[in-house]
Amino acid sequence: MDERMQEFLDRTKAAAATMGTAAQAAACYAGKKTGEALGAAKLNMKALELERECKGLLRDIGEKVYESLQTGEDHSDFLEERMEELEKRYAQIEHLREQAAALRDVKVCPACEKHCGLQDRYCKHCGAVL
Ligand SMILES: [Zn+2]
């Protein structure tokens with residue numbers, strides 16, 4: 001093959017590789033941004049799901065207590081186990097709500113990805129337009 005032709009092909013390949021990387025980075029960034037936007041909503045959804053589970057656990061506990069009172073049977077192991085599950089979920093819900101609130105109160109800089117205030121027009125870390 002002609003030497004110049006080879007050089008041209010090499011340069012084209014290198015350019016294509018760079019473009020590919022840039023396109024990949026852009027796609028990755030777009031995906032990340034979408035993920036962040038969904039973040040707070042997803043956290044709240046998860047919290048709601050856990051709340052539903054809590055209601056189920058409370059119902060189980062209520063039924064067992066009722067049964068215990070009626071039959072005189074001891075279901076304290078069952079109740080303790082359910083209450084532990086409840087406590088675990090309450091803690092998770094609180095954590096999820098805190099995370100969701102934190103995400104709502106910040107704007108993420110598109111350039112440096114650091115957190116800025118909702119009212120900020122420029123990133124206080126790198127100066128990029130928000
Ligand atoms: Zn920034």
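Each value in this text was obtained by applying a stated rule to the coordinates, not by laboratory testing. In this text, all values refer to a predicted model and were calculated from it rather than measured experimentally. Every residue, glycine among them, receives a Cβ derived from its backbone with ideal geometry; neighbour counts consider all protein chains shown.
Annotations for the structure displayed:
- Approximate shape of region 65-117 as ellipsoid semi-axes (Cα gyration tensor, √5λ), whole Å, largest first: 46, 9, 5
- Sparse-neighbourhood loop sites, trypsin sites (Lys or Arg not before Pro) in region 65-130 - DSSP loop, at most 16 other Cβ within 10 angstrom: Lys114, Arg121, Lys124
- One chain, two ends: Lys114 and Leu79. Fully extended at 0.36 nm per residue, the span grows by 8.1 nm beyond their Cα-Cα distance.
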